[in-house]
Every structure is written in structure tokens, then in C-alpha cells.
Amino acid sequence: MDEKPSGGVSLTKDDESSPAAPPSAWETAYIAAVTYLMLVMLGLLLGVLGSLHHGWSVGKVPVAAIALIAVNFAVCRLAGWGMGGKLGAAAPWTAWTAVVILASADRAEGDLLIAGDLAGYVFLIGGMVSGGLAVAATRSAEPAGSWLMRPGLRGRG
């Protein structure tokens, strides 16, 4: 029954190999560090793109700023969900916040990317609030109140 088809690959399992070994602590830490770095870079990218395009509006409604607020919330929330904790949601949010604060600061030449108009304020304040809400809505890595139930803190009852 171990006949090989014309391609030379056996159709049956010849050897019972053991499952792959779990990654080492170093590999896990490396993967986590690279992932957090990528989330920070995503936050930087969102901040730069948002700073350049937040001013699009329909009439007096800053449509682009509102859409960018929703994107900011979604990215932070999904990052927190994917990383399994608040740090995952906070990584792109803090990078985004740093970029937009720098983009809204006055320079000696008088140039700035985020002006003090309705679209600028909606983008700045809405983005910061939506990122904060995304971090707050993300579950912590440990169950809530677990610090109260550690062996050293339990009653001896």
C-alpha cells in the first residue's frame, strides 16, 4: 500500500513525528517586540496620513476627520484585541498622539499641518478620545481583580 504515485511522494504517513516544540521564551519575546514595533509604526503612519488629510469636508462637516477618528478607534481596538491586552491598544495610540501633537505645534516659519479650525479640533480631540476609549475598552492581560486573589493577600480563614 506504500506505492508512490508518479510524483514520487508517499500517500501514507511513513513516520510518526512529534509535534513541533513550542517557541522558546527568547523567540516569544522577539516576536512580541517586533509586533509592538509594527503597531507603533502603524500609529505613526496613521498620524502622518491623518495630519495631511483631515481637512477634507463636505460643506462645514469635517467628513475626513470623523472617518479618521473611526479608523483610529478601530486600529487601536483591533491591536488591543490581537495582542491580548491594553498595551497592544496603547502602542499605536501613543505614537499617533505624538505625531499629531508635533504636527499641530507652531514652527518658526509659521507652518503647521493641523490648523486651529473645526476639522483640526475634531481630528485632534476626537482622535485622542477615541484612542483612549479603545484602550479603556480593551481587556487587561490578567482578569480584573486578580491582584486581590494572589496567595499572599488571601485571608487565612
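The values are calculated or read from the model by the stated rules, or taken from the named source; none is laboratory data. No experiment lies behind these values; they were computed from the predicted model shown. For neighbour counting, all protein chains shown are included, and Cβ atoms are generated from backbone atoms with ideal geometry for every residue, glycine included. These area figures cover heavy atoms from the full protein model, side chains too; ligands, DNA and RNA do not enter into them. Shrake-Rupley method; radii C 1.70, N 1.55, O 1.52, S 1.80 Å.
Tell me, which residue of region 105-131 that is open to solvent by less than 50 Å² (accessible area, probe 1.4 Å) and free of Cβ contacts under 8 Å to residues at least 40 places away in the same chain is farthest from the chain's Cα centre (by Cα)? So, considering only residues that are open to solvent by less than 50 Å² (accessible area, probe 1.4 Å) and free of Cβ contacts under 8 Å to residues at least 40 places away in the same chain, the one farthest from the chain's Cα centre (by Cα) is 105. Within region 31-51, residues that are within 17 Å of residue 131 (Cβ to Cβ) sit with their Cβ atoms under 6 Å from residues that are open to solvent by 70 Å² or more (accessible area, probe 1.4 Å) and outside any helix (DSSP H, G or I), at 6+ positions apart or across chains, in these pairs: 51/113.
For region 76-101, filtering for residues that are without any contact (Cβ under 8 Å) to a residue 40 or more places away in the chain and either surrounded by 15 or more Cβ atoms within 10 Å (Cβ to Cβ) or touching a Phe, Trp or Tyr at 6+ places or on another chain (Cβ under 7 Å) (or both) leaves 1.
Being farther than 17 Å from residue 42 by Cα, open to solvent by 30 Å² or more (accessible area, probe 1.4 Å) and aliphatic (A, V, I, L, M) is a property that residue 63 has. Of all residues in region 45-60, those satisfying the criterion of being farther than 18 Å from residue 116 by Cβ and loosely packed, with under 13 Cβ neighbours inside 10 Å are 58, 59.
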